[in-house]
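**Q** Questions regarding the structure given below will be posed in turn.
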Amino acid sequence: MPSVPGKLVCVTGAGGFIASWLVKSLLEKGYTVRGTVRNPEDPKNSHLRELEGADERLILCKADLNDYESLREAINGCDGVFHTASPVTDDPEQMVEPAVNGAKNVIRAAAEAKVRRVVLTSSIGAVYMDPNRDPDKVVDETCWSDLDFCKNTKNWYCYGKAVAEQAAWETAKEMEVDMVVINPVLVLGPLLQPTVNASVLHILKYLTGSAKTYANSVQAYVHVKDVALAHILLFETPSASGRYLCAESVLHRGEVVEILAKFFPEYPIPTKCSDEKNPRKKAYKFSNQKLKDLGLEFTPVKQCLYDTVKSLQEKGHLPIQPKMRSPFVFSLRPLLGFSVIKPICEFGPPH
């Protein structure tokens, strides 16, 4: 595909789950992409070089969110910036300050480069965590997580996402940068990167025998392809503004395991809830109308779950034909490039 005239864009944290799909989608649409990574030569980024169009239109740049000059160099000359990079840790010192400073640095560099628009990847974690919200209230782009609640519950992922997004809005206003924010819920779908990320681990644990029960909680889901396309849609639509909640469905954990069991009955999927004393948690209401109004069609959650498991099989993270109800349990830790972060996987009501 020929390149899009004048459409050089930067994707920060290009090797991540969402970012990899974003890079893939941008290349398919003819964009030239500068992807920032910590080490362009690291084998964990090799999947990016294998994407169609990567040889001609993908440049991997060494950059660090805390190194303004490296970001300035990566962003200079770009028409747009997709800021997807963010620390993933349950350590508040390693999560909050780097996330805030990184967002500020990206927007400052974007202002200096006079880019047309910045699309910031935030999270439902910056939207949902508020114990005082009326359970019948529809969760939408006007909602913000309660920072005190996040701190008191040590949910540093959600706290970091919220304060980083707030800092980004303040900096964008100050620097007069056109910024749009996308707030995805738990993102599932096929892996492009070689390692299993925390959101996909949420499903993998139900298939390996490591989870004997499922939690009495709910979770919103969205397909990674939809998230990638939503980013591009927000960049390409001049009228897009503000925040955009990116979600397809809210399911109880019990519904998730039921769907998995129907598609993949050969795996030791849990059938019991860890909390059978209390009433079953109810799904919260949300609105994804803003993205639908821009023309985004969401992939059904059942397809999302199916695609996730098939990818885990194809990548070798899950045996394709295990014995029925086999007692096997294997460690998930070697599959990950980082520790398991509970708050990422558990945005739903506290349990």
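**Q** What number of residues within the stretch 35-48 are more than 22 Å from the chain's Cα centre (by Cα) and either crowded, with 21+ Cβ neighbours inside 10 Å or not in a loop (DSSP other than H, G, I, E, B) (or both)?
**A** Within the stretch 35-48, residues that are more than 22 Å from the chain's Cα centre (by Cα) and either crowded, with 21+ Cβ neighbours inside 10 Å or not in a loop (DSSP other than H, G, I, E, B) (or both) number 0.
**Q** Could you check the stretch 156-172 and list, in sequence order, the residues that are surrounded by 24 or more Cβ atoms within 10 Å (Cβ to Cβ) and not small (Gly, Ala, Ser)?
**A** 157, 158, 159, 161, 165
Every residue, every condition in (1) under 22 Å from residue 182 (Cβ atoms); (2) over 19 Å from the mean Cα position of the chain (by Cα); (3) at pLDDT 95 or above, yes or no:
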position	(1), (2), (3)
213	no, yes, yes
226	yes, no, yes
229	yes, no, yes
261	no, yes, yes
272	no, yes, yes
276	no, yes, no
289	yes, yes, yes
301	yes, no, yes
308	yes, no, yes
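**Q** Within the stretch 130-160, how many residues turn out to be hydroxyl-bearing (Ser, Thr, Tyr), in a loop (DSSP other than H, G, I, E, B) and closer than 18 Å to residue 184 by Cβ?
**A** Within the stretch 130-160, residues that are hydroxyl-bearing (Ser, Thr, Tyr), in a loop (DSSP other than H, G, I, E, B) and closer than 18 Å to residue 184 by Cβ number 2.
**Q** A follow-up question, please. What pairs can you find where one residue is in the stretch 61-75 and free of Cβ contacts under 8 Å to residues at least 40 places away in the same chain, the other is among the small types (Gly, Ala, Ser) and part of a loop (DSSP other than H, G, I, E, B), and their Cβ atoms are less than 6 Å apart, with a gap of 6+ or different chains?
**A** These pairs meet every condition: 70/63.
**Q** Also: Could you tell me which of the residues 34, 38 is closer than 24 Å to residue 195 by Cα, of a type in the set (Lys, Arg) and touching a residue at least 40 places away in the same chain (Cβ under 8 Å)? Don't jump to the end; show me each part of the working.
**A** Working: 38 fails: touching a residue at least 40 places away in the same chain (Cβ under 8 Å).
From the options 34, 38, the qualifying one is 34.
**Q** Tell me whether the stretch 82-101 contains one or more residues that are among the hydroxyl-bearing types (Ser, Thr, Tyr) and either part of a helix (DSSP H, G or I) or at positive phi (or both). Steps first, please.
**A** Of the stretch 82-101, the ones among the hydroxyl-bearing types (Ser, Thr, Tyr) are 84, 86, 89.
Of the ones still in play, those that are also either part of a helix (DSSP H, G or I) or at positive phi (or both) are none.
Within the stretch 82-101, none of the residues are among the hydroxyl-bearing types (Ser, Thr, Tyr) and either part of a helix (DSSP H, G or I) or at positive phi (or both).
**Q** Further, regarding this structure: Could you please give the count of residues in the stretch 284-312 that are of a type in the set (A, V, I, L, M), out of contact with any Asp or Glu (no Cβ under 9 Å at 6 or more places or on another chain) and within 27 Å of residue 135 (Cβ to Cβ)?
**A** Result for the stretch 284-312: 1.
**Q** Suppose the filter is in contact with a Pro (Cβ under 6 Å, 6 or more places away or on another chain) and either modelled with pLDDT of 95 or more or aliphatic (A, V, I, L, M) (or both); does residue 62 pass it?
**A** In short, yes.
**Q** Quick check on my filter: what residues within the stretch 173-207 are surrounded by fewer than 22 Cβ atoms within 10 Å (Cβ to Cβ), in a helix (DSSP H, G or I) and either on the phi > 0 side of the Ramachandran plot or modelled with pLDDT of 95 or more (or both)?
**A** If the condition is that a residue be surrounded by fewer than 22 Cβ atoms within 10 Å (Cβ to Cβ), in a helix (DSSP H, G or I) and either on the phi > 0 side of the Ramachandran plot or modelled with pLDDT of 95 or more (or both), then 173, 174, 175, 204 are the ones that fit.
**Q** Next question. So, in the stretch 289-307, exactly how many residues are among the charged types (D, E, K, R) and surrounded by 13 or more Cβ atoms within 10 Å (Cβ to Cβ)?
**A** Applying the first criterion (among the charged types (D, E, K, R)) to the stretch 289-307 yields 290, 292-293, 297, 302, 307.
So of that shortlist, the ones also surrounded by 13 or more Cβ atoms within 10 Å (Cβ to Cβ) come out as 290, 302, 307.
Within the stretch 289-307, residues that are among the charged types (D, E, K, R) and surrounded by 13 or more Cβ atoms within 10 Å (Cβ to Cβ) number 3.
Residue by residue, here is whether (1) modelled with pLDDT of 95 or more; (2) out of contact with any strand residue (DSSP E or B) (no Cβ under 9 Å at 6 or more places or on another chain); (3) not small (Gly, Ala, Ser) holds:
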| residue | (1), (2), (3) |
| --- | --- |
| 105 | yes, yes, yes |
| 110 | yes, no, no |
| 116 | yes, no, yes |
| 125 | yes, no, no |
| 128 | yes, no, yes |
| 147 | yes, yes, yes |
| 158 | no, yes, yes |
| 168 | yes, no, no |
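**Q** Here's something else I'd like to know. Looking at the stretch 49-75 only, could you name the residues that are part of a helix (DSSP H, G or I) and surrounded by 15 or more Cβ atoms within 10 Å (Cβ to Cβ)?
**A** Restricting attention to the stretch 49-75, the residues satisfying the condition of being part of a helix (DSSP H, G or I) are 49, 54-57, 68-75.
54, 57, 68, 70, 71, 72, 73, 74, 75 - these are the residues of the stretch 49-75 that are part of a helix (DSSP H, G or I) and surrounded by 15 or more Cβ atoms within 10 Å (Cβ to Cβ).
**Q** For the stretch 76-90, give me each residue that is at pLDDT 95 or above and over 17 Å from residue 39 (Cα atoms).
**A** 76, 77, 78, 79, 80, 81, 82, 83
The values are calculated or read from the model by the stated rules, or taken from the named source; none is laboratory data. Computed from a prediction, not measured in an experiment: that's the story for all the values here. Neighbour counts are summed over all protein chains in view; Cβ atoms, including those assigned to glycine, are modelled from backbone coordinates with ideal geometry.
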